[in-house]
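What follows is a single structure, written as structure tokens, with notes after it.
Derivation of every value follows stated rules applied to the coordinates shown; laboratory data play no part. Computed from a predicted model, the values in this text were never measured in an experiment. With ideal geometry, Cβ positions are generated from the backbone for all residues, glycine too; neighbour counts draw on all protein chains shown.
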Amino acid sequence: DAGVIQSPRHEVTEMGQEVTLRCKPISGHDYLFWYRQTMMRGLELLIYFNNNVPIDDSGMPEDRFSAKMPNASFSTLKIQPSEPRDSAVYFCASSPTGAFYEQYFGPGTRLTVT
Amino acid sequence: AQSVTQPDIHITVSEGASLELRCNYSYGATPYLFWYVQSPGQGLQLLLKYFSGDTLVQGIKGFEAEFKRSQSSFNLRKPSVHWSDAAEYFCAVGAMDNNDMRFGAGTRLTVKP
């Protein structure tokens, strides 16, 4: 079975540009999570969805960040405008119905903002 | 809210030696506990989990962990480490009364030949 798929794997962009990260969760999973990993702050939950509906976005750093889940098989995390401090690895994860904590992680997108 | 601490930032062991990675949690009731492994350039992979029942939990890749309520600990063990076990290991805690997974800062494992 395919795991969580993320694209792109690496993204290098200039400050001020818009960045869109993409995620395809495991089929049949109805929870989807976006995490950010940095050396300074470790692994932080940004937002999670249940059945395509955003449930908790309290971890989203600021209005420059937005996330959508238009259907059960696709989600995006957008940063506009990007800043150097957004450089990090962004992970998408999904988990099955009724199993919030059994999270399966994608390979991550390494974002570098110059 | 619950929290988790991994006291060791970096551990080095020789191949074939035994391994124990420490994890301490803070939560008033019985927590949900997890260990994940992250190989370089990869996402996190779930090694094992504890929700209730037997306090000794077996996971994948020969790992086990033991929940000790009296010590608020959930240490990860492996009797004989392989070079391929070199990675970053994360302990995480959740709770039945909220949807809030908290990750530790991670322990980086180096395996010497």
Exercise. Name the residues of region A:59-96 whose amide N is less than 20 Å from a point 7 angstrom out from the Cα of A:Val53 along the C-beta direction?
Worked result: A:59-60, A:67-76, A:94-96
For this session: Can you pull the one-decimal nm distance between simple spin-label points at A:Gln80 and B:Gln42, each 7 Å off the Cα toward Cβ?
Result: 3.6
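Mind checking the mean number of beta-carbon atoms from other chains within 10 Å of the Cβ atoms in B:88-95?
Average per residue, whole number: 1.
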Seminar exercise, completed: The Cα extents of chain B along the principal axes, largest first and rounded to whole Å, are 44, 28, 22
Exercise. Can you pull the mean other chain C-beta count within 10 Å for peptide B:101-109?
Worked result: 3
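Can you compute the FRET efficiency between B:Ile9 and A:Thr112 using 1/(1 + (r/R0)^6), with r the Cβ-Cβ distance and R0 = 30 Å? Round to the nearest 0.05.
Numbers: r = 24 Å, r/R0 = 0.81.
My answer for the efficiency is 0.80.
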For this session: Using +1 at the Cβ of each Lys and Arg and -1 at the Cβ of each Asp and Glu in chain A, identify which of A:Phe49, A:Ala67, A:Phe105 lies farthest towards the dipole's positive end.
Result: A:Phe105
Seminar exercise, completed: Taking R0 as 35 Å and r as the Cβ-Cβ distance between B:Glu64 and A:Met40, the FRET efficiency 1/(1 + (r/R0)^6), rounded to the nearest 0.05, comes to 0.65
Seminar exercise, completed: Taking placed amide H atoms and a strict 5 Å upper bound, the residues 5 or more places from B:Glu15 or on another chain that come that close are B:Lys112
Problem set entry | Whole-Hz couplings from phi, Karplus 6.51/-1.76/1.60, listed for region B:22-29; x for Gly and Pro | 8, 8, 10, 10, 10, 6, x, 10
For this session: Calculate the mean, over all residues of peptide B:38-47, of how many other protein chain Cβ atoms lie within 10 angstrom of the residue's Cβ.
Result: 5
Exercise. Are any of the pairs A:Lys68/B:Lys49; A:Lys24/B:Lys49; B:Lys61/B:Lys112; A:Lys78/B:Lys49; B:Lys68/B:Lys112 more than 21 Å apart by Cα-Cα distance, and if so, which?
Worked result: A:Lys68/B:Lys49; A:Lys24/B:Lys49; A:Lys78/B:Lys49; B:Lys68/B:Lys112
Problem set entry | For the protein assembly as shown: span of alpha carbons on each principal axis (Å, largest first) | 48, 40, 33
For this session: Rounded to whole Å and ordered largest first, report the semi-axes of the equivalent ellipsoid of region B:1-58 derived from its Cα gyration tensor (root of 5λ).
Result: 23, 14, 14
Seminar exercise, completed: Among beta bridges assigned by DSSP with both residues in the protein assembly as shown, the antiparallel ones amount in percent, to the nearest 5, to 90
